[in-house]
There are 2 protein chains.
Amino acid sequence: MAEKEISKAVIARLPRYYRYLGELMEDGVERISSNDLSVRMKVTASQIRQDLNNFGGFGQQGYGYNVKYLYTEIAKILGIDRQHNIVIIGAGNLGQAIANYANFEKRGFLIKGMFDINPRLIGLVVRGIEIRSVDDLEQFVRDNDVQIAALTIPKTKAPEIADRLVSAGIKAIWNFAHTDLVVPDDVVVENVHLSESLMRLSYKVCSMQDKAEEEKAEREKGKS
Amino acid sequence: MAEKEISKAVIARLPRYYRYLGELMEDGVERISSNDLSVRMKVTASQIRQDLNNFGGFGQQGYGYNVKYLYTEIAKILGIDRQHNIVIIGAGNLGQAIANYANFEKRGFLIKGMFDINPRLIGLVVRGIEIRSVDDLEQFVRDNDVQIAALTIPKTKAPEIADRLVSAGIKAIWNFAHTDLVVPDDVVVENVHLSESLMRLSYKVCSMQDKAEEEKAEREKGKS
DNA sequence: TAGATTGTTAATCGATTAACAATC
DNA sequence: TAGATTGTTAATCGATTAACAATC
């Protein structure tokens, strides 16, 4: 029963659909057509229908999509209807920012523990979660059925910690360290490389500037 | 002189090339072939050559690429050889995490100011940067030639602040708020939607589990 | 029933990979 | 010169868009 592989691009778009559907629900909207949604989201209606039909027929001809139903179905596809136990390794600002993001719990992500090597942080409590020593990491992961680890530590420490997490049976790493981790095939990695994001922004700013200057030059040439 | 538009996918890969080249430099490697680099980065050599040739011929037949030269050329392309003045709006954990990330300065990103609405934060100093009231935002942006604003505030406040930034002449917004901003065509937005990243991770974990279960079922069927 | 809108097939577009002549 | 490796063209692959019959 080999299911057709879903493309990465489709998966990447699902959370955005989910967000828009959530907002529609809040606004009390009960149904929406692919066309109306495409206008709001600035994508094509065709793409929305193609994307959703990878997972099944959630709509109804002549009616559109039921917002609430589609919302819960996408949640199931993304697996955010189930509970995920998570630990945060690195209790600095970034680690604490993640710990403080309340909505994670609403989506089934339960922060079980935080870890650091800094003795001044160990013992502190953030949002009801005690910061522990990384020495206790493996034991804690095993004892608490932790599937996901958020890695908010410097890149120099990341490979070693990743190895230890893998040996403790972690299923996935949410990697904020500025390096690519090497893990076995059955361990999932999702990278958040903020410095790369900022460089992309830099590129966009510069090419926008270049464009503006070109247009200006064009106008002045026209004048002379 | 309409330059060929560079695809988004290519731009998205440049910072990663830059990172690998930086590491090669640190290791004292002077030159590298597209093939050797492709093995390290787990991409095809063809893609590397195609990507780079969007911007010019940086290599030499029979030799490969000079690491240092390519590194500086990519920096130019990304615009990280120039200085970018930046403000951070929202001085919570996430804003402070960004302020504390030292490498930004090395890449030409200079944090000029931080802003918050919380009176308890206003006046505090983070990494030598005073936290100011958002009341002073527009004036500060104009007076300090600020091009980029990092938005680390709740989504409810984001649209209003974005409007104010635009009216103050900002060129780009690095958006961490969980919403899509509406800005004029000549203002650039780079989104970092952490909750979406976590949902993608969730999907991957679940589909990996499904795969493992399938394989297990397959094995047991084989046995019986 | 008539109108609306999906699900799905076909057409187009773009991105990746392969191949190889050019050339260091 | 011979070997290596690029730059670039051509082939392939995949993703997006368009179109429309199916159907609520």
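The values are calculated or read from the model by the stated rules, or taken from the named source; none is laboratory data. Note that the structure is predicted; figures quoted are calculated from it, not measured. Neighbour counts are summed over all protein chains in view; Cβ atoms, including those assigned to glycine, are modelled from backbone coordinates with ideal geometry. Ligands, DNA and RNA are excluded from the accessible area calculation, which covers all protein heavy atoms including side chains. Shrake-Rupley method; radii C 1.70, N 1.55, O 1.52, S 1.80 Å.
Where in region B:91-129 does accessible area fall by at least 30 Å² between the isolated chain and the complete protein assembly, at a 1.4 Å probe radius? Listed in order, they are B:93, B:94, B:97, B:101, B:104, B:109.
Label points for residue A:182 are taken 7 Å from Cα along Cα→Cβ. From this copy to the others they lie 5.0 nm apart, shortest first. When the pairs A:8/B:112; A:155/B:68; A:76/A:204; B:76/B:112; A:106/B:106; A:106/B:171 are compared against a 31 Å limit on Cα-Cα distance, A:8/B:112; A:76/A:204; A:106/B:106; A:106/B:171 fall above it. Our helix-only sum for chain B, with -39,500 (n - 2.57) per DSSP H run of n ≥ 4 divided by its residues, gives a mean residue ellipticity at 222 nm of -15000 deg cm²/dmol. Take residue A:145, move 7 Å from Cα toward the beta carbon, and the resulting point lies 5.8 nm from the same point in each other copy, nearest first. The angle separating the long axis of helix A:194-223 from the principal Cα axis of greatest extent in chain A is about 20 degrees. Region B:1-55 and region B:171-197 have their alpha-carbon centroids 26 Å apart. Residues whose amide H comes within less than 5 Å of that of residue A:155, counting only those at least five positions distant or on another chain, are A:178 (H built at 1.01 Å from N in the peptide plane). Between the helical axis of B:8-26 and the longest alpha-carbon principal axis of chain B there is an angle of about 80 degrees. Within the accessible area of chain A, the carbon and sulfur atoms contribute 47%, probe 1.4 Å, all protein chains present.
Working out 0.36 nm times the residue gap between residue B:66 and residue B:167, then minus their Cα-Cα distance, what length gain in nm do you get to one decimal? List each step's numbers first, then the result.
Numbers: separation 101, 0.36 × 101 = 36.36 nm, distance 4.41 nm.
Extra length available between residue B:66 and residue B:167 comes to 32.0 nm.
Taken over the alpha carbons of chain B as equal point scatterers, the Debye sum produces base-10 log I(q)/I(0) values at 0.08, 0.16 Å⁻¹ of -0.44, -1.14. For residue A:55, the distances from its label point to the matching points in the remaining copies are 3.7 nm, ordered from shortest, with each point set 7 Å beyond Cα toward Cβ.
Quick one: work out the % antiparallel among DSSP beta bridges in chain B, nearest 5. Here the share of antiparallel DSSP bridges comes out near 20 percent.
Applying 1/(1 + (r/R0)^6) with r as the Cβ-Cβ distance of residue B:211 and residue A:157 and R0 = 35 angstrom yields a FRET efficiency of 0.70.
Does region B:159-224 come out rounded, prolate or oblate by the C-alpha gyration tensor, with a ≥ b ≥ c the root eigenvalues, rounded set by a/c under 1.5 and, if not, prolate when a/b is larger than b/c and oblate if not? Taking the square roots of the gyration eigenvalues as a ≥ b ≥ c, region B:159-224 is prolate. The simple spin-label model puts a point 7 Å past each Cα toward its Cβ; for residue B:103 and residue A:220 those points are separated by 3.9 nm.
By DSSP, what percent of the beta bridges with both residues in the protein assembly as shown are antiparallel, rounded to the nearest 5? The partial results should precede the final answer.
Details: 12 of 54 bridges.
Roughly 20 percent of the beta bridges in the protein assembly as shown run antiparallel, per DSSP.
Expressed as a whole percent, the proportion of Cα-Cα pairs in region A:84-192 lying more than 16 Å apart is 53%. Modelled this way, with points 7 Å down the Cα-to-C-beta line, the labels at residue B:135 and residue B:46 are 6.2 nm from one another. The angle between the Cα long axis of helix B:158-167 and the main principal axis of chain B comes to about 70°, on a 0 to 90 degree scale.
In square nanometres and to one decimal, what's the mean projected area of the convex hull around the Cα atoms of the protein assembly as shown?
Orientation-averaged projected area of the Cα hull: 28.0 nm².
Less than 5 angstrom separates the built amide H of residue A:84 from those of A:109, A:110, all sequence-distant by 5 or more or on a different chain. Buried between A and B is an accessible area of approximately 5600 Å², summed over both sides with a 1.4 Å probe.
For the protein assembly as shown, what is the accessible area per residue in Å² when the probe is 1.4 Å?
Details: 23390 Å² over 448 residues.
Result: 52 Å² per residue.
Report, for region A:84-192, the % of DSSP beta bridges that are antiparallel, rounded to 5. Here the share of antiparallel DSSP bridges comes out near 10 percent.
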